[in-house]
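Where a number appears in this text, it was derived from the coordinates with a stated rule and is not lab data. Values in this document were obtained by computation on a predicted structure and should not be read as measured data. Neighbour counts are summed over all protein chains in view; Cβ atoms, including those assigned to glycine, are modelled from backbone coordinates with ideal geometry.
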């Protein structure tokens with residue numbers, strides 16, 4: 001399938017645009033519903049026994065839920081596609097039926113309009129039917145180092161970005177949070193776009209540059225095989241990699257300066273094992289010349305090689321072979337460079353936490369950004385007024401000065417004034433964390449009656465003994481225990497206790513353990529009820545972003561672009577600025 005054919009197929013999956021009134025009504029229904037069931041979305045499954053979560057459910061719900069088989073939980077609760085095919089083992093109370101129906105009705109549909117063809121038992125899209133690890137629709141040079149899920153994503157998103165570029169007569173793209181550069185390479189070498197990629201992690205930037213070199217080497221070998229010529233010049237579309245952190249509190253002008261006021265670190269021609277001493281024109285690394293906590297430099301300021309994130313001198317020496325100033329085509333450092341900066345399309349594939357919100361703000365405010373495709377992730381890392389520094393946030397904005405509170409508009413949620421004004425719009429850290437779960441994957445586990453389902457009960461049982469020994473130790477991080485579902489509970493407990501600093505040989509009452517493990521079915525049901533709210537929470541977060549764009553005069557659409565069975569965060573928020 002050609003790029004244009006693929007893009008045409010993707011555009012058929014655009015969700016209809018909602019009017020401002022329809023968005024407001026949906027936001028009111030979402031906040032009202034989530035407020036009513038916040039005790040579910042805010043609960044931690046590891047506290048199932050310590051907080052007696054089962055008995056927080058309605059007394060009319062408990063009898064009909066406790067005896068459900070795992071496949072019945074999948075079909076009767078979580079799967080919206082079953083519809084009238086449901087066969088209830090008993091009469092359900094209307095409140096439970098209403099809860100399930102409302103949750104499915106309010107959530108944006110995650111399935112693509114065109115059903116993917118799959119082999120029996122396979123969850124992968126049709127492009128992986130021939131080879132489970134190699135997409136048949138993506139060139140082999142773009143599959144190296146790329147997992148199947150990412151292959152699926154970069155091909156789908158890349159063709160959509162290409163389509164936006166064609167609609168806006170723009171050939172430039174800025175890829176923010178670019179990681180190892182898999183999307184960047186496809187956009188640049190595969191689709192012929194001029195791409196600048198910005199990533200805060202220097203290690204990932206270095207890997208991206210290395211992989212660029214390997215791709216260039218592969219292209220050069222192919223060229224030589226075809227025409228027997230010597231080394232050919234590299235395409236002008238080789239990407240620029242910028243090592244820098246996008247400050248969510250910075251202005252769009254500072255963002256443009258960050259992209260243009262940089263130091264270009266050219267690397268020599270690469271071999272499959274990395275760069276050599278010779279120099280090859282083309283792909284290069286760019287380092288912004290300021291620290292994230294300092295003011296960004298002016299465009300006509302003196303260039304330096306100071307990176308945004310500290311690295312050892314040995315790392316600097318191994319990465320850099322020469323340092324030259326960057327001059328984008330059509331841009332010259334100087335006072336008028338901001339006005340002369342070329343237009344571009346902004347994209348972010350699974351931009352974490354506040355980064356997605358920051359990109360939307362730059363899209364709205366920056367006259368040089370003509371379009372945007374935003375794929376969000378890590379909703380729990382979004383900043384809110386109630387939770388300005390959520391756990392797990394690696395790059396945090398500087399805290400406000402004493403006595404000064406950050407304005408609501410600076411937080412990652414809510415972005416729109418409409419949602420911000422609704423009673424009960426607040427989303428807890430746990431509710432946002434739950435919205436990152438893979439519902440389709442859990443449905444699959446339920447239908448297969450997977451042994452993985454016992455892990456929540458294991459952890460909840462262990463939490464009971466941890467609290468009995470150390471009442472002050474709540475929700476201690478045990479992290480993942482390898483193949484925990486295959487271990488007897490005593491072995492799981494021994495490993496878990498050691499990780500929280502408790503004696504691995506701590507006495508565990510066998511009768512108490514057995515009584516709790518027998519309630520595994522209840523644990524799974526309760527977790528499924530909370531999981532049913534996950535797509536509703538995600539819908540509110542994404543709707544808030546659509547409303548923010550609407551309030552700023554920009555229409556947007558949500559595209560369930562990726563196969564949700566393969567890529568759980570499958571929504572792409574797409575927006576173009578009107579011409580003229």
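General observations
- Hydrodynamic estimate: the Kirkwood radius of the range 56-106 over Cα pairs, inserted into Stokes-Einstein at 10 °C and 1.306 mPa s, corresponds to D of 139 µm²/s.
- In Å, descending, principal axis extents of the Cα set of the range 424-580: 73, 37, 26
- Treating r as the C-beta distance of residue 101 and residue 223 and R0 as 56 Å, the FRET efficiency rounds to 0.40.
- Computed from the alpha carbon atoms alone, the convex hull of the range 146-234 holds 112 Å³ per residue.
- Modelled spin labels at residue 386 and residue 475, positioned 7 Å past Cα toward Cβ, are 1.2 nm from each other.
- Cα gyration tensor shape for the range 403-503, rounded if a/c is under 1.5, else prolate or oblate: oblate
- Gain upon complete extension [residue 88, residue 249; 0.36 nm per residue less C-alpha separation]: 52.8 nm
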